[in-house]
Amino acid sequence: KGLTMETAGSAQVIAPYEGKVVFSGPFRGYGQLLIIEHTGGYHTLLAGMARIDAAVGHWLLVGEPVGIMGQAKKTSVNGRQRAQRPALYVEFRRKGQPIDPLAWLATRKGKVSG
């Protein structure tokens, strides 16, 4: 129900919105998982990071660094070597149910900084 985005190696991951960290650490097949609780019954799940820099109970601000992605891994496909870039999984939930993330990622007119 979420989005998976390839990233650059060692890319910094930031909090998409302010909120409280309610889970931080390894979780089943997700690897390192960070769950941020926002107001109004919303949660953000971020998975796939090599390192998480936010602890349970920590209050995060919009844009605050929360972790670092890993490095590209070399894989072999049909005898050809290629680099598999790190991937960040992002899921938004409201009242425990996944919601469509595309409405939250709409483009804005104007310049982007940073």
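The values are calculated or read from the model by the stated rules, or taken from the named source; none is laboratory data. Computed from a predicted structure; not experimentally measured. Every residue, glycine among them, receives a Cβ derived from its backbone with ideal geometry; neighbour counts consider all protein chains shown. Protein only, heavy atoms only, side chains kept; ligands, DNA and RNA dropped before computing areas. Shrake-Rupley method; radii C 1.70, N 1.55, O 1.52, S 1.80 Å.
Numbers at a glance
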{"item": "Mean accessible surface per residue for the chain, computed with a 1.4 Å probe while every protein chain stays in place, in Å²", "result": "69 Å²"}
{"item": "Amide H within-cut-off set for Gly67, under 5 Å, with H built and near neighbours excluded", "result": "Val13, Asp53"}
{"item": "Summed side-chain charge close to Pro101 - residues other than Pro101 whose Cβ falls under 14 Å, Lys, Arg +1, Asp, Glu -1", "result": "+1"}
{"item": "Gained length - Trp59 relative to Tyr89, 0.36 nm times residue gap less alpha-carbon distance", "result": "8.7 nm"}
{"item": "Listed peptides 60-68, 24-32, 75-83 by packing density, highest first (mean Cβ within 10 Å)", "result": "60-68, 24-32, 75-83"}
{"item": "Three principal axis lengths of the chain [C-alpha, angstrom, descending]", "result": "50, 37, 27"}
{"item": "Accessible carbon and sulfur surface of the chain relative to its total accessible area, %, 1.4 Å", "result": "53 percent"}
